[in-house]
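> Attaching a single structure in structure tokens format; questions to follow.
The values are calculated or read from the model by the stated rules, or taken from the named source; none is laboratory data. What you see is a predicted model; the values in this text were computed from it and never measured. So basically every Cβ, Gly included, is an ideal-geometry build from the backbone, and we count neighbours across all protein chains shown. Note: accessible area is taken over every heavy atom of the protein model, side chains too, but ligands, DNA and RNA are not part of it. Shrake-Rupley method; radii C 1.70, N 1.55, O 1.52, S 1.80 Å.
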Amino acid sequence: MPSPGKKALLIVDMQHGLFFAPQQPFAAETLLNNINRLIARARDAKAPIFAARHTGPEGLPLAESSPLTQLIPQLAIDAGSDGVFVKRYPNCFRGTTLLASLQLAGIEELVICGMKTEYCVDTTCRAAADLGFRVVLISDAHSTTDNGQISASQIIAHHNQTLSGPFAQLAATADALF
């Protein structure tokens, strides 16, 4: 059984501007339900929970003050106890306090879920592995949208296969442990 405090949950960009965009993410309801199941499981295990909000420059749709950057209310995040942070890059570590927070908590394994698969989820999995974390990508708890070339389900399947091994271990929501 893993040591307490060694794992953390990282939820990437589950915000209005992505989740409720005109083109909704693939399997949006399943995505949300699975992430909320992960949150409940992490809470039960007293594992730290972090949630990233992606923002951009003022004056653009994803400006930090924009409602589009706010986490969706259906997400079971508690802003008072969970580590909600703002990021400006696809890498959740770049220019944020995430690494310091994880190191302070003694985290060795990072369980990652959220949006968008081929951008911030992919980049963060690779960065976390480079930083020495054991990364678990929840294969059925990250999503994206069709991109005009290939479908969202193909993008998700491709990234699950590509990231598995060198950058992350895959696990389904049902099998994720904290």
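> Spin-label point model (7 Å from Cα, Cβ direction): what's the residue 108 to residue 70 distance in nm?
Modelled inter-label distance: 4.0 nm.
> Ranked highest first by the average count of other Cβ atoms within 10 Å around their residues, in what order do 8-16, 37-45 fall?
8-16, 37-45
> Given the convex hull of the Cα atoms of the chain, what is a quarter of its surface area in nm²?
One quarter of the hull surface, i.e. the mean projection, equals 9.7 nm².
> When ligands, DNA and RNA are left out and all protein chains stay put, how many square angstrom of accessible area per residue does the chain have with a 1.4 Å probe?
Result: 47 Å² of accessible area for each residue.
> Can you compute the label reach from residue 21? Point 7 Å from Cα along the Cβ direction, backbone N cut-off under 19 Å, restricted to segment 144-165.
Inside the label zone: 144-160.
> Still on this structure: Under the 0.36 nm per residue contour assumption, what length would be gained going from the current alpha-carbon distance of residue 45 and residue 131 to full extension?
Details: separation 86, 0.36 × 86 = 30.96 nm, distance 2.42 nm.
Additional length available on full extension: 28.5 nm.
> Sorted by accessible area (1.4 Å probe), largest first, how do 6, 46 line up?
Listed by decreasing accessible area, they come as 46, 6.
> Checking the a/c ratio against 1.5 first, then a/b against b/c, what shape does the Cα gyration tensor give for segment 3-103?
oblate
> Does a label point 7 Å from the Cα of residue 60, set along Cα-to-beta-carbon, have any residues of segment 108-127 with amide nitrogen under 16 Å, and which are they?
Only 116, 119-120 pass the distance filter.
> Measure off 7 Å from each Cα along the Cα-to-Cβ vector at residue 29 and residue 170, then give the distance between these two points in nanometres to one decimal.
2.5
> Which of rounded, prolate, oblate describes segment 77-178, given a ≥ b ≥ c as roots of the alpha-carbon gyration tensor eigenvalues and a/c under 1.5 marking rounded, otherwise prolate only if a/b is larger than b/c?
prolate
> Given a 1.4 Å probe and every protein chain left where it sits, what share in percent of the accessible area of the chain is carbon and sulfur? Show your work: numbers first, answer last.
Details: 4560 of 8400 Å².
Carbon with sulfur: 54 percent of the solvent-accessible area.
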